[in-house]
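Here is the structure we will look at.
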Amino acid sequence: MYKNRPAIYLLVSIIIFGIATTGTAQKQQPNVVIIFADDVGYGDIGCYGAIKIKTPNIDRLAKEGRMFTDAHSASAVCTPSRYALLTGSYPFRADGGNGVWGPLRRNNKLIIDTNNFTIAKLMKNQGYTTACIGKWHLGFGEESPTDWNKPLIPGPLQLGFDYYFGIPFVSSGPPYVYVENDRVVGLEANDPLILNGKPISPTPQYSDKSPNTFSGGRKAHSLYEDEKIGMTLAGKAVNWIKQNKENPFFLYLATTNIHHPFTPNKKFQETSECGRYGDFVHELDWIVGQVITELEKLNILDNTLLIFTSDNGGMLNVGGQEAWRAGHRLNGNLLGFKFDAWEGGHRIPFIARWPKHIAQGTKSGQLLCHVDLFATLAAITGYELAEGVAPDSYNMLPALTGNPKNMLRDHVVLAPFHPENLAIRAGDWIYIGARGGGGWNGGNPGDHILGGPAALQFADEENSDIAYGAFKDDAADAQLYNLKKDISQKKNLIEKKPQVAQKMKKRLEIIKNTEQTR
């Protein structure tokens, strides 16, 4: 009667193993990769209408996932946009309510309180291995100016990332070094970095790149080669994915492409019809392709939520002007550019791919903001956000995986460079609290900084408050547009619809004075 016992034991073991592995598969969390590009406009990507530039890898994400046509960065500026992504909080709430509005000055201390529950801490709490690779631009240390010769604490590691590698500031400004975890890569004790020391350490110079302001650190500086940054960051991302493939991981890949200076690797130079601007987008698309390919090789692509987006709209710097002259519209048919409260400053590409959850080749007109990624990832991983955490973040998971009949968000607050131009979007309407875009103003074609009415004149964009590169004498002190009827914001309706404007202005004031909007 016992002769079949081994077979019975084997059968029971198979059943138990099957139950166990089924349970594991059901509980298995998706990997999450957010590719956060720099200064990529709504019109810079093929699937969003670019003709002079080719982006087959990013377009593939759209074909295999979902494009959002009404997605926005919380700010039209890099630092506050990143602050919003990591904290789930509007950037005007930062610094005790003073807000963070412009790009963070070099050598600044960390601007996010380490006591904050960040998006990285959320993912780590839910069992994820976490990494930030690329541009940081949120400061290091407890005091300003940063002492680059000491451990850079606090920094990304104190905000929930297990690993960090990238550039600490912007690619157009010093210190022109890499940082890994909390140390400057290649820095030697006998050759420290000295701010404003003499002689200045040599680094490659471009017309739209600030001179170095440090002496010393020659080995660290030598490792930083502008035309190899994109490939270096891509390689670090691919290797990190490979090393962490066995468990759920969260990768925040913040590329330096396509922030000036436009320094594509030689492999991509002269590959587009838009000069170095277009070539730099081509390199960005290659970086996206490297990530996709590695996930595919490891057979984990289909269990990965892969998001591609940008920190703000395209910038009309020298490279942007050259691309415009070549027939490329950085922000499509949207008014304005980076730094502006106009749509060109903050409406950005947003594509999500997650097979079996997100329908292939679909589009969504849901109103969405980067600040919403916090609550969305909380929903995906099964974490219930406490009161006060990610106060402005909405769970957009239903918009990713389904087709809600109603808007999940009925408003969003959008920050430009200048606080007085803070804007609120509600339904089809957007209210801007002052005249103009609220970004850079003035300049001439050929200048690195070209903005405001002068930029609209260069780009031949129309706005009823502006003529011949200047504000009209009777231009209103605030703005109101119906985006459903006037996506290009040609006609300011504030004088025709004063009640709508007043209602939105009041709502904006209430939100500013309320700790939580979710």
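The values are calculated or read from the model by the stated rules, or taken from the named source; none is laboratory data. Note that the structure is predicted; figures quoted are calculated from it, not measured. All Cβ positions, even for glycine, are placed from backbone atoms using ideal geometry, and neighbour counts span all protein chains on display. Protein only, heavy atoms only, side chains kept; ligands, DNA and RNA dropped before computing areas. Shrake-Rupley method; radii C 1.70, N 1.55, O 1.52, S 1.80 Å.
Here are a few things to note about the model shown:
- Global geometry of segment 246-331, whether rounded, prolate or oblate, following the gyration tensor of its Cα atoms and the 1.5 cut on a/c: prolate
- Screening the chain for whole DSSP H helices of 27 Å or more along their axis (Cα) with average Kyte-Doolittle hydropathy at least 1.0 returns 5-27.
- A DSSP coil position with no more than 12 other Cβ atoms inside 10 Å describes the following GluC sites (Glu not before Pro) in segment 220-256: Glu246.
- Restraint check, Lys54/Lys245; Lys109/Lys506; Lys135/Lys245, Cα-Cα greater than 32 Å: Lys109/Lys506
- 9 Å beta-carbon shell around Ile45, net charge (K/R +1, D/E -1): -3
- A straight chain from Ala326 to Asn98 at 0.36 nm per residue would run longer than the Cα-Cα distance by 78.0 nm.
- Label-reachable residues, segment 368-402, where backbone N falls under 13 Å from a point 7 Å from Asp113's Cα toward its Cβ: 388-391
- Unit charges on C-beta of K, R, D, E only; dipole of segment 178-303, Debye: 400
- Candidate cross-link partners of Lys491 among the lysines, defined by an alpha-carbon separation under 20 Å and a same-chain spacing of 8 or more, comprise Lys472, Lys503, Lys505.
- Split the accessible area of the chain by element, probe 1.4 Å, and carbon with sulfur accounts for 50%.
- Taking a Cβ cut-off of under 12 Å around Glu294, the surrounding Lys, Arg, Asp and Glu residues balance to a net charge of +3, with basic ones at +1 and acidic ones at -1.
- Here segment 164-182 and segment 187-219 have alpha carbon centers that stand 13 Å from each other.
- The chain, dipole about Cα centre (Lys/Arg Cβ +1, Asp/Glu Cβ -1), debye to the nearest 20: 1300
- ³J(HN,Hα), Karplus 6.51/-1.76/1.60, whole Hz, each residue of segment 257-262, x for Gly, Pro: 6, 10, 5, 5, x, 7
- With R₀ set to 22 Å, the beta-carbon distance separating Arg183 from Lys124 gives a calculated FRET efficiency near 0.55.
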